[in-house]
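Read-outs throughout are calculated quantities, based only on the coordinates presented, and are distinct from any laboratory measurement. What you see is a predicted model; the values in this text were computed from it and never measured. When we count neighbours, we look across all protein chains shown, and the Cβ atoms used for this are built from the backbone with ideal geometry, even at glycine.
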Ligand SMILES: Cc1cc2nc3c(=O)[nH]c(=O)nc-3n(C[C@H](O)[C@H](O)[C@H](O)COP(=O)(O)OP(=O)(O)OC[C@H]3O[C@@H](n4cnc5c(N)ncnc54)[C@H](O)[C@@H]3O)c2cc1C
């Protein structure tokens, strides 16, 4: 049904907790649209014929169609459109970098702000969760078995698609809880764990079996899965959880964490809850080295745990920060101090072997490098010291070597990522597919999900043609 276009150049603002309140708690920062707000925002969509927003979505959601349903107040209809392409809309509506994807292509963004596609996706997924309690019908088994390694967004997406086709799917997950980075990395205040759990429960209801505490490469190998365990195909979705360090002096001092360890203690092991037995430093001055989403999450967690001063230390400028714009803005509002154009060169310790500070060098931006971003170069004679008691390294991760070292014939590249044919995730081993961060290195939830979808379709074709 045609509706009157809302010509407001700005997005309907997202109701949120006040910065000085939320930086003391772990409750969700953004509170979500009301139905009225969602309908009004949906009416900003021009319903473009060529759907540029859809081309910006790695899983190809029919965005104008779902937004059209919201404008008509048919929220369940909108959910059906979303869920036809995305297995985790409540997650993606919260964490996708929409400004570089769908919203980056929105025509309304040319003369004003793009339509709030992510906010609408979140509204629709939350509305469905709160109002519809249908149990999925278990598909007819087709008699074939597929194993998936890793219960992050990529593995979960592939599992859902394969289960719907009738495959008996078993996910082997190394940790005691399914969800991957969605539960061990991204904090509760950005992505409540109950939402991830509900998505996982939906998969279980479809018949997906999730075996936790199963480290593939230690407990079982891929050869065993495809041999005595009788799986026709395997999808490796084991992520990129191995943290990198800078290799500067002092990184083994007490008080230096990798962002992964810091966030895992806080999120998965619930160190943020009063009375938790998980040890975590209660720091006063914290430096987080890096400028991505992971760095923002670590800094905002440190603030919430009570640190008085929290720095983001990043060697390029504010413009080059790779984190989502919204996360940077939220971090600034919450009092995180950005020390850009700054590079640490040494962690300084006291006589007890604890961090007491870091030595840094000021940087300036030179010519663009291979990534297209201006290369940071050291300013001469600019060394200075920053007093901190905790340092959190957040300069990237790579895939854990366990799977590649226990799977003969599995080709990997010099970064340790699994090599695939690039089309559908097939690796150098017959029947073995891979996708998500294990293939691309640390990337995004939606790309990991897209890879899971693609691999599920390829595995289906492979098994049916065998
Ligand atoms: C703190 C943080 C914040 C982020 N924020 C965002 C964001 O805002 N937006 C966004 O789009 N992306 C974000 N990302 C990136 C995003 O989360 C990842 O790109 C995505 O989770 C990758 O999905 P995956 O399924 O490939 O891997 P993962 O989510 O890493 O899941 C892999 C799973 O495999 C398991 N596993 C590993 N090895 C084995 C083994 N040998 N046997 C069995 N299981 C194994 C792991 O325990 C894990 O559960 C963030 C990442 C982090 C760390």
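Cβ crowding within 10 Å, taken as a proxy for footprinting-reagent exposure, orders 277, 466 from fewest neighbours to most as 277, 466.
Nearest 5 is fine: what % of DSSP beta bridges in the chain come out antiparallel, could you say? Each step should come with its number before you reach the end.
On the way: 19 of 51 bridges.
Bridges in the chain are about 35 percent antiparallel.
With a point put 7 Å past each Cα toward its Cβ, work out how far residue 99 is from residue 351 in nm, to one decimal. Each label point is offset 7 Å from its Cα along the Cβ direction, giving 4.8 nm. Projected label points at residue 278 and residue 245, each 7 Å from Cα along the beta carbon direction, are separated by 2.2 nanometres.
If R0 is 30 Å, what FRET efficiency do you get for residue 428 and residue 375 from their C-beta distance, rounded to 0.05?
Values: r = 35 Å, r/R0 = 1.15.
For R0 = 30 Å, the calculated efficiency reads 0.30.
Extension gain for the segment residue 223 to residue 36, taken as residue separation times 0.36 nm less the Cα-Cα distance, is 61.9 nm to one decimal. Across segment 338-364, the residues whose backbone nitrogen lies under 15 Å from the label position 7 Å along the beta-carbon direction of residue 254 are 349-357. The order of the peptides 280-292, 68-80 by mean Cβ neighbours within 10 Å, most packed first, is 280-292, 68-80.
When ranked by the protection proxy of mean other Cβ atoms within 10 Å per residue, highest first, what sequence do the peptides 430-437, 205-212, 396-403 form? Spell out each step's value before the answer.
Values: 430-437: 25.4, 205-212: 16.9, 396-403: 18.6.
By packing density, highest mean first, the sequence is 430-437, 396-403, 205-212.
As a rough footprinting exposure proxy, the listed residues 126, 134 were ranked by other beta carbons within 10 Å of their own, and the order from fewest upward is 134, 126. Annotation: peptides 367-376, 330-339, ranked by per-residue average of other Cβ atoms within 10 Å with the highest first, follow the order 330-339, 367-376. Between residue 212 and residue 8, the FRET efficiency from the beta-carbon distance, with R0 = 41 Å, is close to 0.30.
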